Amino acid sequence: MGFASSKQFFVSWEELHRATRELARRQLPASQWKGIIAVSRGGLVPSSILARELNLRLVQTVCITSYVHNEQQKQLKVLSAAEGDGEGMLVVDDLVDTGNTAKKIREMYPKAKFITVYAKPQGRDLVDEYVADVAQDTWIELPWDMQLNYSDPLCKSDKID
Ligand SMILES: O=P(O)(O)OC[C@H]1O[C@H](OP(=O)(O)OP(=O)(O)O)[C@H](O)[C@@H]1O
Ligand SMILES: Nc1nc2[nH]cnc2c(=O)[nH]1
Ligand SMILES: [Mg+2]
């Protein structure tokens, strides 16, 4: 789950919006869906965009926290979960990485369609649909985790000038 990430992929609000709208476009016709189950917290913003684009008013959540014990072990804890087997529902998360969360979601909602905006190779086969591939060694930095910052001009680190 990102422990071995050596690179970063920075996602702006605009890029997240564009990619999530593309994910929404692929869920048409909207009439086939009863609603959305957002995988909180990462799936909350994408779910809001999908709900708007598909005019879905039923938005439920499944709240999962991940406890990391060591580099190999990630233990999931479900704090609260929408009821049912997921029939007619879109289960939405921001990304799939190792696939641990996705496996749990599939067990809980076997009849749902599970979709994410981003997917890494280890977990992508567990997702029914996603928009963008990201390498396994890359950490995805999402817009709600970032802020605008001043950046020095490149020549400042140029020792020859
Ligand atoms: O494929 P995996 O290795 O399971 O990783 C993917 C999950 O990790 C992140 O959530 P996280 O558990 O960090 O919590 P958050 O959504 O509250 O940020 C992300 O939002 C996915 O839900
Ligand atoms: N923000 C973020 N959370 C994650 N959780 C698991 N993998 C990732 C990742 O690449 N980025
Ligand atoms: Mg999450």
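Checking each residue in segment 26-66 for being hydroxyl-bearing (Ser, Thr, Tyr), surrounded by fewer than 17 Cβ atoms within 10 Å (Cβ to Cβ) and touching a Leu at 6+ places or on another chain (Cβ under 8 Å) picks out Thr65, Ser66.
Pull up segment 77-91, narrow it to residues that are hydrophobic (A, V, I, L, M, F, W, C) and either over 21 Å from Ile36 (Cα atoms) or away from ligand 3 (no atom under 14 Å from the Cβ) (or both), then point me to the one that is surrounded by the fewest Cβ atoms within 10 Å (Cβ to Cβ). Steps first, please.
Step one: list which residues in segment 77-91 are hydrophobic (A, V, I, L, M, F, W, C), which gives 78-79, 81-82, 89-91.
Of the ones still in play, those that are also either over 21 Å from Ile36 (Cα atoms) or away from ligand 3 (no atom under 14 Å from the Cβ) (or both) are 82, 89-90.
Details: Ala82: 20, Met89: 22, Leu90: 28.
Of everything passing the filter in segment 77-91, Ala82 is surrounded by the fewest Cβ atoms within 10 Å (Cβ to Cβ).
Return the residues of segment 106-124 that are open to solvent by 60 Å² or more (accessible area, probe 1.4 Å) and more than 9 Å from ligand 1 (Cβ to nearest atom); say none if nothing qualifies.
Pass one, segment 106-124, residues open to solvent by 60 Å² or more (accessible area, probe 1.4 Å): 106-107, 110-111, 122, 124.
Arg106, Glu107, Pro110, Lys111, Arg124, listed by residue number.
Filtered by the rule that a residue be within 12 Å of ligand 1 (Cβ to nearest atom), among the aliphatic types (A, V, I, L, M) and assigned to a strand (DSSP E or B), segment 38-74 gives Ala38, Val39, Val62, Ile64, Val68.
Of all residues in segment 69-111, count the ones that are of a type in the set (Val, Ile, Thr) and more than 22 Å from Thr138 (Cβ to Cβ). Give the derivation first.
Step one: of segment 69-111, the residues of a type in the set (Val, Ile, Thr) are 78, 91-92, 96, 98, 101, 105.
Filter again for more than 22 Å from Thr138 (Cβ to Cβ), leaving 78, 91, 105.
Counting residues in segment 69-111 that are of a type in the set (Val, Ile, Thr) and more than 22 Å from Thr138 (Cβ to Cβ) gives 3.
Selection of segment 67-76 for residues being exposed (fewer than 13 other Cβ atoms within 10 Å of the Cβ) and either in contact with a Phe, Trp or Tyr (Cβ under 8 Å, 6 or more places away or on another chain) or not aromatic (Phe, Trp, Tyr) (or both) yields Val68, His69, Asn70, Glu71, Gln72, Gln73, Gln75. For segment 16-37, residues that are in a helix (DSSP H, G or I) and in contact (Cβ under 8 Å) with a residue 12 or more places away in the chain total 11.
Run down Leu142, Leu90 and say which single residue is in contact with a Lys or Arg (Cβ under 8 Å, 6 or more places away or on another chain) and closer than 23 Å to Arg25 by Cα. Before the answer, list the steps.
Numbers: Leu142 fails: in contact with a Lys or Arg (Cβ under 8 Å, 6 or more places away or on another chain).
Going through Leu142, Leu90 in turn, the sole match is Leu90.
Scanning segment 125-159 for residues that are open to solvent by 70 Å² or more (accessible area, probe 1.4 Å), assigned to a strand (DSSP E or B) and not aromatic (Phe, Trp, Tyr) returns a single hit, Asp133.
Regarding Lys103, is this residue within 16 Å of ligand 3 (Cβ to nearest atom), out of contact with any Cys (no Cβ under 8 Å at 6 or more places or on another chain) and open to solvent by 80 Å² or more (accessible area, probe 1.4 Å)?
Working: within 16 Å of ligand 3 (Cβ to nearest atom): yes; out of contact with any Cys (no Cβ under 8 Å at 6 or more places or on another chain): yes; open to solvent by 80 Å² or more (accessible area, probe 1.4 Å): yes.
In short, yes.
Of Leu142, Leu79, all but one fail to be aliphatic (A, V, I, L, M) and either more than 9 Å from ligand 1 (Cβ to nearest atom) or touching a helix residue (DSSP H, G or I) at 6+ places or on another chain (Cβ under 6 Å) (or both); the exception is Leu79.
The values are calculated or read from the model by the stated rules, or taken from the named source; none is laboratory data. Here the structure is a predicted model, which means the values were calculated and not measured. Quick reminder, even Gly has a Cβ in these numbers, built from the backbone with ideal geometry, and neighbours come from all protein chains shown. All accessible areas refer to the heavy atoms of the entire protein, side chains included, with ligands and DNA or RNA removed. Shrake-Rupley method; radii C 1.70, N 1.55, O 1.52, S 1.80 Å.
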